[in-house]
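Since the structure comes first, as structure tokens, the remarks are kept for the end.
No lab work stands behind these numbers, since they all come straight from the coordinates. The shown structure was predicted, so the numbers you read here are calculated from the model rather than taken from an experiment. Using ideal geometry, Cβ is built from the backbone for each residue, glycine included, and neighbour counts are taken over all protein chains shown.
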Amino acid sequence: MNKKAYLILENGTVFEGESFGADGDVTGEVVFTTAMTGYLETLTDPSYYGQIVVQTFPLIGNYGVIPADFESKQSYVKAYIVREWCQEPSNFRCEGRLDTFLKDQGIVAMQGIDTRRLTKMVRESGVMNGRIIVGTLPENPLDGIHEYRIKDAVKSVSTTQTLQFPAEHPQYNVVLMDFGAKENIRRELNKRGCNVTVVPYNTTAEQIAAMHPDGVMLSNGPGDPSENTGVIAELRKLLQLCIPTFGICLGHQLMALSQGAKTIKLKYGHRGANQPAVDTQTNRVYITSQNHGYAVLSSTLPMDAKASFINANDDTCEGVTYTKMPAFSVQFHPEASAGPLDTSFLFDRFIAMIKEAKNNAVK
């Protein structure tokens, strides 16, 4: 029989449910995702580092655990909350149960709470800290909860060594700066004939230039982008070299910061697989997968940059195109898996930018 578990929010609200996954007490930043599928990708997305993730879809775990779908080798979530977890998964690709996976990963989880009410509370009040306590509530459950902060996020999820991922039919060499990269970014590049060299977050512009890449990819990742001052300074130098560069999510934010723009923390962020992004040139709306709590302020972009996508719900910046260097970025995930593939053409745009740069170099 599962033990009792409690979620205490920093505003004093208490939710009672049952524990599953690992035992223990944990504090984190409570966020929600509206994705109806892809719970494995959510659990293994490094961008959720330090966060207690709430799934709004009511039944989770029904297709079990499928390692081939992981976005990284481990889970970085602080804890996991669902309405109901499925104890008997059914899928021809299933290789295990969610409960076992969470236990192996040391992830505390709880079920049986009103996730709809919790989500509405976060939407109204904004992202807040929370604590999950398994067993008995202590006398002062709020002690220290307000002080929790996500620190050293990128450093904690980035690779510590350079890794090589050759393409089956190589045509280009791309350096992928790992700020918490999802595996599918690398897969999409490999699929398009790119040998991919994954480098740590603190790799310098000089070190990357010495690799003579045809292009540079800036990955997604967790935390407050403005805290990465060293990375921002190196990106400023790297972009001056005019190597074709494509940024996704945190990479998008870091690129903008390196060019003098500013970022803000959103009330409750964009997390899910149904976020509408409007192409500012064509007015076409794309349904996108997103996972971020910060956004670039369009009004602070430099003169040689323009917003290429805008969120249809709140008008926040969803993409930037730079006019004086071969670089562009998007806030959403064109490599989405699971999720809509409407914007995967952006990888083709990146390849076209690389081709153009190589052709110009030959002339």
Distance violations [Cα-Cα > 31 Å] among LYS151/LYS324; LYS237/LYS355; LYS155/LYS267; LYS265/LYS324; LYS265/LYS355
LYS151/LYS324; LYS265/LYS355
Would you mind checking which residues have amide H under 5 Å from TYR148's amide H? H placed 1.01 Å from N; only 5 or more apart, or other chain.
none
Length gain on complete extension for the stretch LYS237 to GLU356, per 0.36 nm per residue less the alpha carbon to alpha carbon distance?
40.7 nm
Region 319-363 versus region 5-82: alpha-carbon centroid distance in Å
31 Å
Aspartates and glutamates near LYS191 by alpha-carbon distance under 13 Å, same-chain residues fewer than 8 away left out - which ones?
GLU168, GLU183, GLU335, ASP348
If every Lys and Arg gets +1 and every Asp and Glu gets -1 at its Cβ, then about the Cα centre region 4-147 yields a dipole, in debye to the nearest 20, of 300 debye
Given just the C-alpha atoms of region 168-228, how large is their convex hull per residue in cubic angstrom?
75 Å³
Distance in nm between pseudo-label sites at VAL285 and ASP304 (7 Å out along the Cβ direction from Cα)
3.5 nm
To one decimal place, what Kirkwood hydrodynamic radius in Å is obtained for region 164-270 from all pairs of distinct Cα atoms?
14.1 Å
Please figure out what share of the DSSP beta bridges in region 74-210 is antiparallel and state it in percent, rounded to the nearest 5.
25 percent
At R0 = 30 Å the Cβ-Cβ FRET efficiency linking GLU227 and PHE165, nearest 0.05, sits at 0.60
Indicate, rounded to the nearest 5 percent, the antiparallel portion of the DSSP beta bridges found entirely in region 153-362.
60 percent
Calculate, in whole percent, how much of the Cα-Cα pair population of region 216-328 lies beyond 20 Å.
35 percent
Would you kindly compute the Cα radius of gyration of region 223-266 and its largest Cα-Cα separation (Dmax), both in Å?
10.1, 32
Given bins 10 angstrom wide, list per bin the percent of all Cα-Cα distances in the chain, short to long.
5, 25, 33, 23, 11, 3, 0, 0
According to a simple spin-label model (label point 7 Å from Cα along Cα-to-Cβ), what is the distance in nm between ARG349 and MET325?
1.8 nm
Could you work out, for region 1-152, what percent of all Cα-Cα pairs fall into each 5 Å distance bin, beginning at 0 Å and stopping at the bin that holds the largest distance?
2, 10, 20, 25, 22, 13, 6, 2, 0, 0
Evaluated at 10 °C and 1.306 mPa s, the Stokes-Einstein D of region 153-362 based on the Kirkwood radius over Cα pairs, in µm²/s, stands at 94 µm²/s
Residues whose modelled amide H sits under 5 Å from the amide H of GLY135, counting only those 5 or more places away in sequence or on another chain, are LYS4, ALA5, TYR6
Label-point gap, in nm, between ARG116 and ASP152 - each point 7 angstrom along Cα→Cβ
4.3 nm
Provide the percentage of antiparallel DSSP beta bridges, counting only those with both residues in region 4-147; round to the nearest 5.
60 percent
